[in-house]
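The values are calculated or read from the model by the stated rules, or taken from the named source; none is laboratory data. For clarity, every value in this text was computed on a predicted model and none was experimentally measured. In this analysis, Cβ positions are derived from the backbone assuming ideal geometry, glycine residues included, and neighbour counts consider all displayed protein chains. Surface areas here come from the heavy atoms of the whole protein model, side chains and all, with no ligands, DNA or RNA. Shrake-Rupley method; radii C 1.70, N 1.55, O 1.52, S 1.80 Å.
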Amino acid sequence: MERIKKGYRFLIYILPATLFFSYYPLISLGASESMNFELSLPILWLVIFDVVALYLLIKKRALGGIWKDWKWLLFPIFVTLSAFWSMNFLRGLLTVGVLWLLYFAGYAFWNLKSLFLEVGFKERFWKIFFGSALVACGWCWAQCILDLAGVPREGSLMCAGCTYRMFGFPHPNGFAIEPQFMGNLLLAPAIMAGYMLETKAILTKDTLKGVRSSLRYLVSIALVFVLSATLFLTFSRGAIYAFVVAVIFMVAVEGVWQKTWRVCRTFLVVAGAFVFTLNLQGIMAQVGPTDDTYGSGVAKVLNHLSLGVVDIRSDINEGEEDALEEQNVPMLEEVEGHDENEGEQAVFDGYVEESTDTRVRLSNAAVDVWRKDFGTMLFGVGIGGAGQALYANGLSPAPKEIIQNEYASLLLETGLIGVVLLILTIILIVRAAMKSVIAPVILTLTVAYAITLLFFSGLPNALHIYLLPALFISLYGKSLYRKQ
């Protein structure tokens, strides 16, 4: 029995590192016209963890308790039922399977929380949590160097839209499928590090135990800076917007909670990290193989992140041309025999409107299909059936097309009943978070994740969104804390 408990703790220890491998390595099991059949390390971890947790809960005779707090089960039960009227039954069935695995993991976290009381457990967990995040950051920076050095994508693991060819500078995806998921994975470490910088709460003591008090502040600053800078480096608007809002939210909450506004120092570190990354992206554009310059790289970043509002591209170009003229350097087009196609040009010169337009179009299409009849409005087209529903109505090119907005997707798939039950679940999560001794940071993380769900949908690449808040609530629930 003791060996099983050690195995359970080991699985908790490796969870933070495992989550970063959400796409590489990947076991492909084939595909259909509406979905790919794939297994990732986080999915395998989830299955193994639930099997181990099931054994411990049976031994503890705590398995029956899953039905006592029935309000938590309303949403997954309804979603499970919706699979039977889904327009894509197989996809719906697999989605329901992952959903129940996640729910059971959350139940196990809370009901086996006594296993977290082992001396040194939290200290080891947080060291692995931040250590694995820093290793992932290091790989992201290495990806950029490899890409600029001309290493093929097979070696750098860069996604097709991540290389320097897109904007003139690379934006890494780590071991995730896209930069938005890599940025999303860094939200929890960056927010937790920011919380440690703002407070002297128990989380800080558990994480930096053994570090001299005089160095804790500097370590916290370094953590926030590196994690924030790497998050900005991914160039994922969804993750960046969520992070900025989360920092503002956390500072506001902590300011009220502690009745002090010294917490604003986190703003300075995050702002410094953004300026650092912005300059680095400009430098990468300058030294990269494209004809971009430092100025054009910086201008593209600001233009894309501001959705086209901030546009200094023409000013940059004019300034560079004036500088060349003052130095009597001829313009390229004036050089006799110059081949205009000789220099490599980046695909995008700034804000990529298509990325936003696609998300908006798919979300609007989902609402249009949902409004077609009363039955769909109430019950939806069934879990997993969104892509097929859009395709059947001529609103997407293929059944595999997903709605890049989790809320619009759930509205179409589960209808008003599903949305109401989801809201109930969110209320339960917030209530549980409020009972934690680190409530402000868990609420902040919940806000950040809620914002990111506006930019994508689906479960396999985003298990961390559902696992980490549940784990943190269990680690620092008040009832558990008082026993220490």
Every residue from the range 135-151 that is of a type in the set (A, V, I, L, M) and either open to solvent by less than 10 Å² (accessible area, probe 1.4 Å) or in a helix (DSSP H, G or I) (or both): Val135, Ala136, Ala142, Ile145, Leu146, Leu148
Residues being among the polar types (S, T, N, Q) and surrounded by 24 or more Cβ atoms within 10 Å (Cβ to Cβ) - total across the range 181-199: 1
Among (1) more than 18 Å from Ala222 (Cβ to Cβ); (2) under 21 Å from the mean Cα position of the chain (by Cα); (3) open to solvent by less than 10 Å² (accessible area, probe 1.4 Å); (4) not small (Gly, Ala, Ser) - the single one Leu102 does not satisfy: (3)
Among the candidates Val441, Val420, residue that is assigned to a helix (DSSP H, G or I) and under 24 Å from Trp370 (Cβ atoms): Val420
Any hit, the range 262-274, residues being touching a Gly at 6+ places or on another chain (Cβ under 7 Å), in contact (Cβ under 8 Å) with a residue 12 or more places away in the chain and open to solvent by less than 10 Å² (accessible area, probe 1.4 Å): yes
Residue check for Leu15: surrounded by 13 or more Cβ atoms within 10 Å (Cβ to Cβ), without any contact (Cβ under 8 Å) to a residue 24 or more places away in the chain and under 25 Å from Leu187 (Cβ atoms): no
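Inspect the range 324-344 for any residue being modelled with pLDDT of 60 or more, over 24 Å from the mean Cα position of the chain (by Cα) and within 30 Å of Thr230 (Cβ to Cβ) and give the result as yes or no.
Within the range 324-344, one or more residues are modelled with pLDDT of 60 or more, over 24 Å from the mean Cα position of the chain (by Cα) and within 30 Å of Thr230 (Cβ to Cβ).
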Residues that are surrounded by fewer than 18 Cβ atoms within 10 Å (Cβ to Cβ), free of Cβ contacts under 8 Å to residues at least 60 places away in the same chain and either in contact with a Lys or Arg (Cβ under 9 Å, 6 or more places away or on another chain) or assigned to a loop (DSSP other than H, G, I, E, B) (or both), drawn from the range 369-399: Arg371, Lys372, Asp373, Met377, Asn393, Gly394, Leu395, Pro397
Residue under evaluation Asp50, criteria (1) modelled with pLDDT under 90; (2) assigned to a helix (DSSP H, G or I); (3) among the acidic types (Asp, Glu), criterion not met: (1)
Given (1) more than 28 Å from Cys162 (Cα to Cα); (2) free of Cβ contacts under 8 Å to residues at least 60 places away in the same chain; (3) in a helix (DSSP H, G or I), index of the condition Thr414 fails: (2)
Given (1) assigned to a helix (DSSP H, G or I); (2) in contact with a helix residue (DSSP H, G or I) (Cβ under 7 Å, 6 or more places away or on another chain), number of the condition Met158 does not satisfy: (1)
Filter result for Leu115 (surrounded by fewer than 20 Cβ atoms within 10 Å (Cβ to Cβ), among the hydrophobic types (A, V, I, L, M, F, W, C), part of a helix (DSSP H, G or I) and modelled with pLDDT of 95 or more): no
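Looking at the range 431-455, which of its residues are of a type outside the set (Val, Ile, Thr), open to solvent by less than 10 Å² (accessible area, probe 1.4 Å) and closer than 21 Å to Met182 by Cα?
Those that are of a type outside the set (Val, Ile, Thr), open to solvent by less than 10 Å² (accessible area, probe 1.4 Å) and closer than 21 Å to Met182 by Cα: Leu445, Ala448, Tyr449.
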Any hit, the range 20-39, residues being in contact with a Ser or Thr (Cβ under 9 Å, 6 or more places away or on another chain) and at pLDDT 95 or above: yes
Pairs, first within 22 Å of Leu305 (Cα to Cα) in the range 147-173, second surrounded by 18 or more Cβ atoms within 10 Å (Cβ to Cβ) and among the acidic types (Asp, Glu), C-beta under 6 Å, six or more apart: Met158/Asp147; Cys159/Glu178; Thr163/Asp147; Tyr164/Asp147; Gly168/Asp292; Pro170/Asp147
Unique match (being part of a helix (DSSP H, G or I), farther than 23 Å from Phe129 by Cα, among the aromatic types (Phe, Trp, Tyr) and at pLDDT 95 or above) among Phe276, Phe243, Phe225: Phe276
Residues within the range 200-221 that are open to solvent by 40 Å² or more (accessible area, probe 1.4 Å) and either of a type in the set (Ser, Thr, Tyr) or over 25 Å from the mean Cα position of the chain (by Cα) (or both), tallied: 12
Residues of the range 13-47 classified as within 24 Å of Gly384 (Cβ to Cβ) and either under 22 Å from the mean Cα position of the chain (by Cα) or not in a loop (DSSP other than H, G, I, E, B) (or both), total: 22
Filter result (modelled with pLDDT under 90 and not hydrophobic (A, V, I, L, M, F, W, C)) within the range 427-456: Lys435, Ser436, Pro440
Scope the range 466-475; condition open to solvent by less than 10 Å² (accessible area, probe 1.4 Å) and under 15 Å from Leu99 (Cβ atoms); matching residues: Leu467
Inter-residue pairs, beta-carbon under 9 Å, first open to solvent by less than 90 Å² (accessible area, probe 1.4 Å) and in the range 48-59, second modelled with pLDDT under 95 and not in a helix (DSSP H, G or I), 6+ apart: Ala53/Leu112; Leu56/Met1; Leu56/Ala62; Leu56/Leu112; Leu57/Leu112
Count of residues meeting criterion [in contact with a Phe, Trp or Tyr (Cβ under 7 Å, 6 or more places away or on another chain) and under 16 Å from Gly92 (Cα atoms)] in the range 381-400: 2
